[in-house]
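Undergrad: Submitted below is the structure of interest, expressed as C-alpha cells.
The values are calculated or read from the model by the stated rules, or taken from the named source; none is laboratory data. Only a predicted model underlies this, so the values are computations on that prediction, with no experimental measurement involved. Here the Cβ is made from the backbone with ideal geometry for all residues, glycine too, and neighbour counts use every protein chain on show. The accessibility values were calculated without ligands, DNA or RNA, using every heavy atom of the protein model including side chains. Shrake-Rupley method; radii C 1.70, N 1.55, O 1.52, S 1.80 Å.
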Amino acid sequence: MPLPENYVEAVYADPGLERYRGNPLIEALPPIMDLQALKVKLTGKVEFNPQDCFSKGHLRAHQISALLDDFFQPLSIHKQLEEKISVMIRGGYVGRNIADGSLNKKMQEGYQRIMSGVTSDFRFSQTNSTAKSLSLIGCSGSGKSSTINRILATYPQVIYHQDYNAIQLPYLRIECPSDGSLKSLCLNFFREVDRTLHTGYEEKYARKRHSTEVLLSLMGQVATQRAVGVLVIDEIQRLTLKRSISKEAMLEFFVALVNVIGVPVVMVGTPKARPIFEMELQAGRRSAGFGSLFWEPMKPGPVRINPKTGEPKKTEWQAFTDKLWQYQWLTNRDEILSDEIRDCWFDLSQGVLDIVVKLFVLAQMRAISTGLERITVKLLRTVYQQELKPVHPMLDALRRGDPELIVKYSDLQLPDMDKRLLELRQVIDERQAEKERIPAFGSNEKALRLYTMLQGMGCESGLLEPLIENAFQQYPELSLPELSRIILDWYSTPPKSRKPKATNVKSTGWHTLPSDDLRFKFSQAEKGRFYHELQYGKELFDVSTWLS
C-alpha cells in the first residue's frame, strides 16, 4: 500500500554524535546543517533575467509581486534559530527511543496518568525528559513565522518507520486561537494532528467536556504515540486577550506543556506576550530551556573592519539591501544602491524585514505605473506615506525606542496588501494601453522584441522604427544581439539628412527623463529645495574653489 503524499519512508544515517546513535527517531532525520547547507536550504529562489526589465509593465508587475513570497535572505539570527530548533528536536528524542522501549514506557506512564486522573503526581513525573522550551519574541513583520516555516520545511512532515510500524512527526505547528482560550489551544493541537495524519482525535476528545489538565495529558499521550519532535505555538500573545486567565495560570500551563507532554516547545509571539515569558524566566523553571530569543529588526551598523584587508565589512543591513536591490524590473534602474536611498529605506522601514520588502515591491509597482521607472528617495517617501499608513504607529514607536509603545503597537499589520497590488496592476495595465502603439513592423515578433529592448534602453521610438525596418531589410539573417549593435551604431551616428528634431518634454513628464537630467532632478526635489539638492563640482560650478 503506497504511503500518503506527505509521508516519507525512514532512511537511517549516522547522526555524527554518540549521544544520538542507536535512536531511529534521530537517525531518520536529515543531517545536521552547517552554515553553507543552511544558506542553500533557506535562501529564496527568485528567477531574474535582465532582459525582463524591458518587458511590458503588466508582466513585470507579476514578477515584482512574487518577491513577497520568494525572496528570503538568511541572516545570523536565522542561523541561531535553526541551530536551537535542531538541538531541541534531536535532544527531545534522546529520552524517547522506539528501539530500546523508552518510547513505549512513556506511553504507559501517560496512560496511567490519564486513567488515574492525577496529572501532576510525582510518580509519573518524567524525570528523564530531555525536552526544552524556547520563546521567540518580535514585532509583527519581523520574519519570525516565515523563518520558522522555512526551517521546519527542511524536515519531512511525516516519517514512517516500517521496521517498527511507527509514525514520526518531526514537527507540529499550531496557532493560538483568536479567543485566547487554553482549552481551544489544546483542541488546535488535535486538529493539526488530524490534518497531518488524517486521524480523528479532535472529534474524539472535543465531544467530552475535559478540563484543560486532562486535555494536556491527552496531548502528551498523542505527542508520545506520534513521536512529535517539536511543537511550535505561534501568535502566543493572543492568550493575553482573555482577562479571566492570570499570568500565573498561563505560566503553569506552559511549564506543564513541556513537563507533562515531554516534547520541546517553541512559543512565538509579539512583545505583548513578553510578561508571560519574563515570569517564566524569573521562576527559574526547567521549562525555561533555551530561554527567550528577542527577534529585533535589522540595524544599519556598526561597521566592522576586516583585520586581513583593513577594509570595512558589509553590515547585515547593507548585504540584505544590496541583494534585494538586484531584483528591480525597471527600465531606468540604478545598478548601485546609493547611501542616500539606503538610509531613507532604513528610516522608513526601521529594518523590519516585512516592511523592507513590501516598501521595495510597492515602490517598483508605483515606478512602473507613473513612468518613473526607477526608485528614488521621493518615491520611497511617497509610497510610505500613502501605502503603509496602517503600520506608521509601530514604526514610529521603533524610531523612538519606547518599550511601552512598541508593546502597544507590536501587532499592527498591513491589511489588504493583495488588494493594493491588484489596484496598482490595473493602473499599470491602463498606462500600458495608452502607451502601447503597434509600430510598422508589428507582424514581426523578432523586430518587436528588439524594439521593446532598445526603447527600454532609452532610445527614442520615433527614430527606432525606421532603423529597425532598415536593419531587417539589409540583414534578415542576423541574430538579435548582432542587429542591436548595428542599430545602436546607426542611432549614435545617424546620417546628416536624418538629424533629429529637438523635442520639448512637458514638465509633467520630467520624471521620466534620465537620472542625470536637471529636469528630472527638479521633479524629484521638494518645493523650493532644488538648488540645495545640487552638488558643487557636479551640477554647480564651485567658484570659491576655482578662485582659491
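Undergrad: What accessible area per residue comes out for the chain, rounded to a whole number of Å², with a 1.4 Å probe?
TA: So the chain comes to 53 Å² accessible per residue, rounded to a whole number.
Undergrad: Helix-only mean residue ellipticity at 222 nm, the chain, DSSP H runs n ≥ 4 weighted -39,500 (n - 2.57), per residue, nearest 500. What is it?
TA: Computed ellipticity for the chain at 222 nm equals -15000 deg cm²/dmol.
Undergrad: Mind checking which lysines have their C-alpha under 21 Å from Lys506, skipping anything on the same chain fewer than 8 residues away?
TA: Once the sequence-local lysines are set aside, what remains near Lys506 is Lys378, Lys435, Lys521, Lys527.
Undergrad: Please quote Rg/Rh for region 127-239 to two decimal places, taking the Kirkwood radius as Rh and restricting both calculations to Cα atoms.
TA: Rounded to two decimals, Rg over Rh is 0.97.
Undergrad: Further, regarding this structure: Compute, for region 322-430, the length of the dipole vector about the Cα centre, with Cβ point charges of +1 (Lys, Arg) and -1 (Asp, Glu) only. Units Debye, rounded to 20.
TA: Rounded to the nearest 20 debye, it is 100 debye.
Undergrad: Something else: When the dipole is taken about the Cα centre of the chain, and only Lys, Arg (+1) and Asp, Glu (-1) are charged at their Cβ, what size is it in debye, to the nearest 20?
TA: Roughly 860 debye, rounded to the nearest 20.
Undergrad: What's the carbon and sulfur percent of the chain's accessible surface, probe 1.4 angstrom, rounded to a whole number?
TA: Summing carbon and sulfur atoms, their accessible area is 51 percent of the total for the chain.
Undergrad: Calculate the spin-label point distance for Ala66 paired with Val11, positioning each point 7 Å from the Cα along the beta-carbon direction, and give it in nanometres.
TA: 2.9 nm
Undergrad: What is the log10 of I(q)/I(0) for region 159-206, computed with the Debye formula using one identical point scatterer on each Cα and no solvent, at q = 0.25 Å⁻¹?
TA: Debye curve over Cα of region 159-206, log10 I(q)/I(0) at q = 0.25 Å⁻¹: -0.94.
Undergrad: Still on this structure: For each pair in Lys314/Lys389; Lys41/Lys358; Lys84/Lys314; Lys389/Lys419, compute the distance between the two Cα atoms and list the pairs where it is over 20 Å.
TA: As for pairs spanning more than 20 Å Cα to Cα, those are Lys314/Lys389; Lys41/Lys358; Lys84/Lys314.
Undergrad: Using the basic label-point model (7 angstrom from Cα toward the beta carbon), what is the Phe522 to Ile486 distance in nanometres?
TA: 4.1 nm
Undergrad: So for the chain, taking the charge dipole from beta-carbon charges (+1 Lys/Arg, -1 Asp/Glu), which of Ser55, Gly180, Gln328 sits furthest toward the positive end?
TA: Among Ser55, Gly180, Gln328, the one farthest towards the positive end of the dipole of the chain is Gly180.
Undergrad: Where does region 307-445 land on Rg/Rh, using Cα atoms and the Kirkwood Rh?
TA: 1.07
Undergrad: Have a look at Phe294, Leu257, Ile468 and report the one farthest towards the positive end of the charge dipole of the chain, computed about the Cα centre with Cβ charges (Lys/Arg +1, Asp/Glu -1).
TA: It is Leu257.
Undergrad: Roughly how many nanometres apart are two label points built 7 Å out from the Cα toward the Cβ at Asp179 and Arg304?
TA: For the pair Asp179/Arg304, the computed spacing is 5.0 nm.
Undergrad: Relative to 2.2 N^0.38 Å, what does the C-alpha radius of gyration of region 2-90 come to as a ratio? Two decimals please.
TA: In units of the globular-protein estimate, region 2-90 measures up at 1.58.
Undergrad: OK, next. Please work out the ratio of the alpha-carbon Rg of the chain to 2.2 N^0.38 Å and round it to two decimals.
TA: The reported ratio for this selection is 1.24.
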